[in-house]
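Each remark here refers to the structure printed beneath this line.
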């Protein structure tokens, strides 16, 4: 793998407010552009928040390619970055929790449909990887990292695994004590099990019953933390891999 400057943005997200979330993303990209990142990774369902009610999914899901991938492609071209993000997808009347990886020209390189998912979503079935100027990259979404149907398909020659998330705690979120006591080590163990250096980035939702708790991690193939941004924040994590 070539040296890359990786930027994880735990995007502050207001569920269902795509306009506000896109404006926040554009602000954050201007902010991190001074670091000249090669690859920027955003959370699961980055511009909508993680929505799973039928009405929400039908309202916000869109084709891939479609309006969101076109808008994100313009940002990838503007900042000359690889850009990974999650979104709600509709295809042939099926709904998917998906993520895409764009190259510096806004071209879709990878399109992943979450495998560890529940109705109203249809589950994905495949895991892909691709060779790029930055190295060999692959994408999973949130619980896929712990799902054998997903992890058994991973190409172990992958240099960097990208994992967008929208993870929260029941009842109270964020919760630093619970994060350190329960959750953090689960991620490290999950990465060690797949044996691939992994970048994890979680949304920071500002509304909802169980909002996602933000933060980001870069973990090496042996399950050791290379870099981390604080739980409960939208602090960008920039690291040279």
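The values are calculated or read from the model by the stated rules, or taken from the named source; none is laboratory data. Small disclaimer: the values here were computed from a predicted structure and weren't measured. Reconstructed Cβ throughout: ideal geometry from the backbone, glycine too, with neighbour counts over all protein chains shown.
Quick rundown of the values:
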| read-out | value |
| --- | --- |
| Options 51, 110; residue that is in contact with a helix residue (DSSP H, G or I) (Cβ under 7 Å, 6 or more places away or on another chain) and over 21 Å from residue 32 (Cβ atoms) | 51 |
| Of all residues making up region 132-170, the number that are part of a helix (DSSP H, G or I) and surrounded by 18 or more Cβ atoms within 10 Å (Cβ to Cβ) | 6 |
| Subset of region 36-58 (residues that are free of Cβ contacts under 8 Å to residues at least 40 places away in the same chain and part of a helix (DSSP H, G or I)) | 55, 58 |
| Index of the failed condition, residue 173 passing every other in (1) free of Cβ contacts under 8 Å to residues at least 12 places away in the same chain; (2) crowded, with 21+ Cβ neighbours inside 10 Å | (1) |
| Hits in region 1-23 (condition: touching a strand residue (DSSP E or B) at 6+ places or on another chain (Cβ under 8 Å) and free of Cβ contacts under 8 Å to residues at least 60 places away in the same chain) | 21 |
| Residues that are at pLDDT below 95, touching a strand residue (DSSP E or B) at 6+ places or on another chain (Cβ under 8 Å) and either more than 17 Å from residue 47 (Cα to Cα) or surrounded by fewer than 16 Cβ atoms within 10 Å (Cβ to Cβ) (or both), drawn from region 189-239 | 210 |
| Among residues of region 104-113, those that are part of a strand (DSSP E or B) and farther than 14 Å from residue 126 by Cβ, counted | 2 |
| Odd one out for residue 68, checked against (1) out of contact with any strand residue (DSSP E or B) (no Cβ under 7 Å at 6 or more places or on another chain); (2) in a helix (DSSP H, G or I) | (1) |
| From the options 101, 83, 87, residue that is within 13 Å of the chain's Cα centre (by Cα), assigned to a strand (DSSP E or B), farther than 19 Å from residue 150 by Cα and modelled with pLDDT of 95 or more | 83 |
| Residue check for residue 122: more than 13 Å from the chain's Cα centre (by Cα), more than 27 Å from residue 215 (Cβ to Cβ) and either part of a loop (DSSP other than H, G, I, E, B) or at pLDDT 95 or above (or both) | yes |
| Count of region 185-225 residues which are without any contact (Cβ under 8 Å) to a residue 12 or more places away in the chain and not in a loop (DSSP other than H, G, I, E, B) | 1 |
| Test result for residue 32, within 26 Å of residue 126 (Cα to Cα) and either surrounded by fewer than 24 Cβ atoms within 10 Å (Cβ to Cβ) or touching a strand residue (DSSP E or B) at 6+ places or on another chain (Cβ under 6 Å) (or both) | no |
